[in-house]
Amino acid sequence: MKVIKTISKLQKAAFKHLKNGDEIGLVPTMGALHQGHESLILKSKKNDDVTIVSIFVNPLQFGPNEDYLKYPRPIKKDLQFCKKNHVDYVFMPTVNEMFPNSHKTFVEVRDLQDIMCGKFRPAHFRGVATVVAKLLNISYACNTYFGMKDFQQLKIIEQMVRDLNFKTKIVSCPIVREKSGLAISSRNTYLSPQEKEMASKIHKILKKASIDFKNKNLSALKQTALNKLNKIPKIKIDYVDIVNFKDLSFADKNTKKVILAVAVWLGKTRLIDNIIMTR
Ligand code: PAF
């Protein structure tokens, strides 16, 4: 496994693989790697000749009062994790390498970036789209892997790849959950044991909604989920939304496949989760 810190070195190594006809897989991460990331790495190991994991806590996607400084950075553990999973390259650039003071270009995916999480984290998806665009150009990825927990992120990246004609294929992977049902996330480390127990109720509420999907109209379904979430002690709900699975557009009773997505705060931790519902 090679650890690379500069853009030029990764581009050089990746281009060599490309010329040899190798398929390159990219797993973009912010580190604090867990089983969710592992599922993406394993999928790339299965599909691709070369697997690159990028570890970069991207300052552009954090708001001024968010957790950029306290975001976990267990670098040694992350590198062991990548080694154990037979990753070929870990790309770990500095902030200055990715975004020097001279950087002036940003990628915006209009409309999709402004709804759901975008309403509460105004510059977040602009930061995500910009860094992912750069990572795609640096890695020459044929396949790029994203987890479905960040469903809005996934849809935004899919749109960006279509609009800007990136050559990569976006591969989405199912949410990985703890035994309790809690969606695995790097931010779960912020939760106290009690908060963790409360957080596990979120998935149960979503699951119940998906069972009721055939019999209830969407606004009743949303309201029931909201009422149940509100009963979790100390919860603060950012949103509960039901949108079209395909493109996050408005969903109604005729929409065959929808996504029920939530974002909540438990204490100082923001959690997101979702469930796919099909008629
Ligand atoms: O999902 C994440 O960890 C980040 O948003 C990503 C895609 C690595 C971009 O910084």
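The values are calculated or read from the model by the stated rules, or taken from the named source; none is laboratory data. From a predicted model like this one, the values you see are computed outputs, not experimental measurements. We place every Cβ from the backbone using ideal geometry, glycine too, and count neighbours over all the protein chains shown.
Which residues, taken from segment 43-62, are β-branched (Val, Ile, Thr), within 18 Å of Val131 (Cα to Cα) and buried (at least 24 other Cβ atoms within 10 Å of the Cβ)? Don't jump to the end; show me each part of the working.
Taking segment 43-62 first, the residues β-branched (Val, Ile, Thr) are 50-53, 55, 57.
This time we only want the ones that are within 18 Å of Val131 (Cα to Cα), so: 52-53, 55, 57.
Within segment 43-62, Ile52, Val53 qualify.
If the Cβ limit is 9 Å and pairs must be 6+ apart or interchain, which residue in segment 24-37 that is more than 14 Å from Ala14 (Cα to Cα) and of a type in the set (Ser, Thr, Tyr) pairs with which residue that is assigned to a strand (DSSP E or B) and more than 9 Å from the ligand (Cβ to nearest atom)?
So the pair list comes out as Thr29/Val53.
Kindly indicate whether Glu97 is on the phi < 0 side of the Ramachandran plot, surrounded by fewer than 19 Cβ atoms within 10 Å (Cβ to Cβ) and free of Cβ contacts under 8 Å to residues at least 40 places away in the same chain.
On the way: on the phi < 0 side of the Ramachandran plot: yes; surrounded by fewer than 19 Cβ atoms within 10 Å (Cβ to Cβ): yes; free of Cβ contacts under 8 Å to residues at least 40 places away in the same chain: no.
In short, no.
Look at segment 1-24 and say how many of its residues are under 22 Å from Lys46 (Cα atoms) and not in a loop (DSSP other than H, G, I, E, B). So that I can check it myself, show each step before the final result.
Of segment 1-24, the ones under 22 Å from Lys46 (Cα atoms) are 1-3, 10, 13-24.
Filter again for not in a loop (DSSP other than H, G, I, E, B), leaving 2-3, 10, 13-19, 24.
Counting residues in segment 1-24 that are under 22 Å from Lys46 (Cα atoms) and not in a loop (DSSP other than H, G, I, E, B) gives 11.
How many of the residues in segment 238-254 are without any contact (Cβ under 8 Å) to a residue 60 or more places away in the chain and assigned to a loop (DSSP other than H, G, I, E, B)? Before the answer, list the steps.
Pass one, segment 238-254, residues without any contact (Cβ under 8 Å) to a residue 60 or more places away in the chain: 240, 242, 244-246, 249-254.
Next cut, assigned to a loop (DSSP other than H, G, I, E, B) only: 245-246, 249, 251-254.
Residues that pass the stated criteria total 7.
Which residue is surrounded by the most Cβ atoms within 10 Å (Cβ to Cβ), if the candidates are limited to segment 13-30 and must be under 14 Å from Val87 (Cβ atoms) and of a type in the set (Gly, Ala, Ser)?
Among residues in segment 13-30 that are under 14 Å from Val87 (Cβ atoms) and of a type in the set (Gly, Ala, Ser), the one surrounded by the most Cβ atoms within 10 Å (Cβ to Cβ) is Gly25.
If you check Leu33, Leu40, which single one turns out to be part of a loop (DSSP other than H, G, I, E, B) and surrounded by 18 or more Cβ atoms within 10 Å (Cβ to Cβ)? First the steps, then the outcome.
Values: Leu40 fails: part of a loop (DSSP other than H, G, I, E, B).
When all the criteria are applied, what remains is Leu33.
I'm checking my understanding of the structure. Among residues of segment 149-170 that are among the aliphatic types (A, V, I, L, M) and within 12 Å of the chain's Cα centre (by Cα), which one is nearest to the ligand (Cβ to nearest atom)? Before the answer, list the steps.
Kept after step one, since they are among the aliphatic types (A, V, I, L, M), are these residues of segment 149-170: 154, 156-157, 160-161, 164, 170.
So of that shortlist, the ones also within 12 Å of the chain's Cα centre (by Cα) come out as 154, 156-157.
Values: Leu154: 9, Ile156: 10, Ile157: 7 Å.
Checking each candidate, the answer is Ile157.
Output the qualifying pairs, or none if there are none: Cβ atoms under 7 angstrom, residues six or more apart or on different chains, first residue in segment 120-144 and within 25 Å of Gly63 (Cβ to Cβ) and among the basic types (Lys, Arg), second residue within 11 Å of the ligand (Cβ to nearest atom) and modelled with pLDDT of 95 or more.
Lys134/Met98
Pairs needed: first member in segment 145-166, farther than 18 Å from Ile24 by Cβ; second member anywhere, more than 12 Å from the ligand (Cβ to nearest atom) and of a type in the set (Phe, Trp, Tyr); C-beta distance under 6 Å; at least 6 residues apart or different chains.
So the pair list comes out empty.
Tell me, yes or no, whether segment 72-79 has at least one residue that is part of a helix (DSSP H, G or I) and within 14 Å of the ligand (Cβ to nearest atom). Give the steps one after another, and end with the answer.
Within segment 72-79, the subset part of a helix (DSSP H, G or I) is 75-79.
Adding the requirement that they be within 14 Å of the ligand (Cβ to nearest atom) leaves 78.
Yes, segment 72-79 contains a residue that is part of a helix (DSSP H, G or I) and within 14 Å of the ligand (Cβ to nearest atom).
When you look at Glu66, is it among the charged types (D, E, K, R), within 15 Å of the ligand (Cβ to nearest atom) and not in a loop (DSSP other than H, G, I, E, B), yes or no? Steps first, answer last, please.
Values: among the charged types (D, E, K, R): yes; within 15 Å of the ligand (Cβ to nearest atom): yes; not in a loop (DSSP other than H, G, I, E, B): no.
Answer is no for this residue.
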